[in-house]
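Enquirer: Take a look at this one; I'll ask things after.
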Amino acid sequence: MMDYKNILLQRSGRVGVITLHRPEALNALNLGMMHDVVAAVGHLDADTDIGAIVITGSERAFAAGADIKEMASRSYMDMYAADWFGGWDALTQVRTPLIAAVAGYALGGGCELAMMCDFILAADTAKFGQPEINLGVIPGIGGSQRLTRAVGKSKAMDMILTGRTIGAEEAERSGLVSRVLPAAELMSQTLETAAAISKLPAPAAALAKESVNVAFETHLAAGIRFERRVFHSLFATKDQKEGMGAFIEKRPPSFLHQ
Ligand code: CO8
């Protein structure tokens, strides 16, 4: 097992849980955090015994943004040459379902990291925002794109131009998060959801998320064609035979994740 400095990594059955852990900085995302999260997610994604991954933070903060202290004095060339934070893009290639469990602040890069996950479960204490404009910058890990697709132009503009923070209810109403849960139940309900997903056929889960993601990236006709091809391809899996066979035989399925 690798030694991570900025996260905690736990396994519970077929679920991997990554907890962002820089309590002294409200989990601000520095390069070390990026390397740890990307490495841990990659490691879990490659493990066929893992069927869902949860990324979470603390009660106070999922993550209060990119680490401002680490970036403040950098030049344009520093940022460009390092392709600052380009490494986070690796999360978009992950096949295993990825759930963000957000309590407290999810600001700037924290909101963007949550949006890179497949869906967001929010505690009623969650606060989402893209406050970069207050620092003289803009979202830089996909926020201006993913937030706009998630909540539409008007609310994305409102949030990104004012830097205003929205609460969990407004986030749910806007389509940014899928569910709001009482803070005390966030982790238990997230783990229950992740465990349920992890037991379902892994090939179908990977292709389902790939299909939904295609909806973000392409036009309707191409997306529907992609979905159709992928749907047909699942008839090559053992789990399709098992799932449909079990239904017809009126017995519980026993999936192989193959
Ligand atoms: N970076 C570095 N340190 C931080 C950050 C951060 N984003 N957020 C909080 N901290 C630190 C504080 O400096 C403080 O440290 P210290 O005790 O050493 O002074 C500690 O965490 C606790 O924070 P506060 O005392 O400020 O706690 P409060 O409860 O008073 O306030 C807030 C909480 C409102 C969340 C406040 O901390 C805050 O406004 N944080 C900054 C939020 C922000 O602006 N986030 C956006 C950052 S920019 C960004 O994310 C851009 C992403 C794209 C980059 C892509 C590059 C290509």
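Enquirer: Among the residues of the stretch 23-55, which ones are under 17 Å from Ala195 (Cα atoms) and open to solvent by less than 30 Å² (accessible area, probe 1.4 Å)?
Expert: Val41, Leu44, Ile50, Gly51, Ala52, Ile53, Val54, Ile55
Enquirer: Leu176 passes all but one of (1) open to solvent by less than 30 Å² (accessible area, probe 1.4 Å); (2) within 16 Å of the ligand (Cβ to nearest atom); (3) in contact (Cβ under 8 Å) with a residue 40 or more places away in the chain; which number fails?
Expert: Leu176 satisfies all of (1) open to solvent by less than 30 Å² (accessible area, probe 1.4 Å); (2) within 16 Å of the ligand (Cβ to nearest atom); (3) in contact (Cβ under 8 Å) with a residue 40 or more places away in the chain except (2).
Enquirer: So if I check each of Val230, Val214, which one is in contact with a Gly (Cβ under 7 Å, 6 or more places away or on another chain) and in a helix (DSSP H, G or I)?
Expert: Unique residue meeting the criteria: Val214.
Enquirer: Same structure, new question: Is it the case, given these coordinates, that Asp78 is open to solvent by 20 Å² or more (accessible area, probe 1.4 Å), within 13 Å of the ligand (Cβ to nearest atom) and either farther than 20 Å from Ser144 by Cβ or in contact with a Phe, Trp or Tyr (Cβ under 7 Å, 6 or more places away or on another chain) (or both)?
Expert: It is true that Asp78 is open to solvent by 20 Å² or more (accessible area, probe 1.4 Å), within 13 Å of the ligand (Cβ to nearest atom) and either farther than 20 Å from Ser144 by Cβ or in contact with a Phe, Trp or Tyr (Cβ under 7 Å, 6 or more places away or on another chain) (or both).
Enquirer: Kindly evaluate Asp83 against the criterion of being open to solvent by 60 Å² or more (accessible area, probe 1.4 Å) and more than 9 Å from the ligand (Cβ to nearest atom).
Expert: no
Enquirer: Here are some conditions: (1) of a type in the set (D, E, K, R); (2) within 12 Å of the ligand (Cβ to nearest atom); (3) open to solvent by 20 Å² or more (accessible area, probe 1.4 Å). Asp67 meets all but one. Which one does it not meet?
Expert: That leaves (3) as the condition not met.
Enquirer: Considering only the stretch 216-241, state which residues are touching a residue at least 24 places away in the same chain (Cβ under 8 Å) and open to solvent by less than 60 Å² (accessible area, probe 1.4 Å).
Expert: Passing the criteria: Ser233, Leu234, Thr237, Asp239, Gln240.
Enquirer: Under the condition of being without any contact (Cβ under 8 Å) to a residue 24 or more places away in the chain and among the aromatic types (Phe, Trp, Tyr), which residue from the stretch 76-100 is nearest to Asn213 (Cα to Cα)?
Expert: Tyr80
Enquirer: Sticking with this one: Mind checking which residues of the stretch 242-258 are open to solvent by 50 Å² or more (accessible area, probe 1.4 Å) and charged (D, E, K, R)?
Expert: Answer for the stretch 242-258, where residues must be open to solvent by 50 Å² or more (accessible area, probe 1.4 Å) and charged (D, E, K, R): Glu249, Lys250, Arg251.
The values are calculated or read from the model by the stated rules, or taken from the named source; none is laboratory data. If you're wondering where the values come from, they're calculated on a predicted model, not measured in any experiment. As a convention, Cβ positions derive from the backbone with ideal geometry for all residues, glycine included, and neighbour counts pool all protein chains shown. Each accessible area value is taken on the protein alone, full model and side chains, heavy atoms only, with ligands, DNA and RNA left out. Shrake-Rupley method; radii C 1.70, N 1.55, O 1.52, S 1.80 Å.
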